[in-house]
1. Kindly provide the GluC sites (Glu not before Pro) of region 281-313 that DSSP labels as loop, not H, G, I, E or B, and whose Cβ sees at most 11 other Cβ atoms within 10 Å.
2. What percent do you get for the relative contact order of the chain when only Cα pairs under 8 Å and 6+ apart count?
3. Take the alpha-carbon centre of region 119-184, take the same for region 83-112, and report the distance between them in whole Å.
4. R0 = 41 Å: FRET efficiency of D225 with R24, Cβ-based, nearest 0.05?
5. Hey, if you put +1 on the Cβ of every Lys and Arg and -1 on every Asp and Glu Cβ in the chain, which of I68, F274, G29 ends up farthest toward the positive end of that dipole?
6. Sorting S146, S43, S115 on the 10 Å Cβ count, fewest up front, what's the list?
7. Could you compute how fast region 116-251 diffuses translationally, taking Rh as the Kirkwood radius over C-alpha pairs and applying Stokes-Einstein at 25 °C with viscosity 0.890 mPa s? Give it in µm² per second.
8. Can you give me the relative contact order of region 116-251 as a percent, contacts being Cα pairs under 8 Å and 6 or more apart?
Amino acid sequence: MKHAKYLALTAGLLASTTAVAQERFITIGTGGQTGVYFVVGQSICRLVNRDSAKTNLKCTAPSTGGSIANINAIKAGDMDMGVAQSDWQYHAYNGTSEYEGNKFDKERAVFSVHSEPFTVIASKAANIASFDDLKGKRVNVGNPGSGQLATMQVVLDAKGWSMDDFALASELKPAEQAAALGDNKVDAIIYTVGHPNGSIQEAVSTIDANLVPVQGEAIDKLVADNPFYAYATIPGGMYAGSPDDVTTFGVKATFVTSSDVPDDVVYEVVKAVFDNFDRFKKLHPAFENLKEEDMIKDGLSAPLHDGAVKYYKERGWM
C-alpha cells in the first residue's frame, strides 16, 4: 500500500514539474509609465494572462526607454515583443537611418495600434506659435532610446537645424517632462504619443500652455518621401489652452516581434487581443476608434509574423 502511495506521489510530482516546465514567460517592451505604450503592453498582457491556465503563457510588460530600446531588446533576444513607432519598425527592418549597418532581418510585424502625432507643447509665456519659434528656446527633446528623440532628430535634419539651435536640449523621460515644463525648467516639450495623454493633461493643468503646429515645406517633404509618416490632427478642446485643431504629422504605434519567437506564442497573443477586441478598446481612450482591418496593415513595413498570419487567415481577414 505504501509503495502504491509512493508511486502516486511520485507521479503527481512529475506531473506538476512538467506543468511548470511547460509554463512560458513572455516579456513585452513598452515605454514610459505615463505614455500609451505602457498601457498597450499592460493591456495585451492582461488579456494574455486571462487565458494562462489554458495556454501556459505568462506575460509581463515592464516600462522601458521606448521604441528603439524595445526593438534592440527584441533583436538581442532580451524581450519577445514590444511597441515601436512605425518609422523605427521600418528603419530596423530596412537597415536605414539609425539602423544603417545594423539591419534587423528577423524583425516581424504583429499589428498596429493607435496614431501618434508628433506633439509639441509650449509654455504660453515663451510665445511659441510655430515650430520655428523653438529656436533659441529650452526644449525637452526626449530620452535616449525613445522614438520621440529619434523623430525629433529627423525633423531637425529636414529643417537643416541641429540640437545646438536650442538654448537647452534636455533629454528627460516622459514622466519627468511635464513637471519640468510646469517648473519653468524648459519652454517646450516634444512627445510622439497617442491622445489624450496623461502627461500632457498634467502639463496644461499646471501652467498656461499651448499645442504648437508642426507643418511647412520641410514637413510636407518628410510626409511625401516616407510611407510611415502621415499628417495628423489633434482635435481642438482636447487640452486646456488649445481650443482649435492643431496640425502636425505622425506615425503609428506598432506591435513587433522576431521570427525567433515561436508561431504558437505569437498566435496566442494575437488571439487574446482580437478575441477580446471590445474589451481591449476600452482600456485606453486612444484605442477607442481602432478597426481590426486597419490594424493588420497600416504602418506595418516588416513582414507579418507567421503566428499572426495564421490567426488573421482563420478570421478570414487575409
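1. Those satisfying the criteria are E288.
2. With pairs under 8 Å counted, the relative contact order is 24 percent.
3. Result: 24 Å between the Cα centres.
4. 0.50
5. F274
6. S115, S43, S146
7. 168 µm²/s
8. So the answer I get is 34 percent.
Coordinate-derived values only; no laboratory data. All of these numbers come straight from a predicted model, not from anything done at the bench. For neighbour counting, all protein chains shown are included, and Cβ atoms are generated from backbone atoms with ideal geometry for every residue, glycine included.
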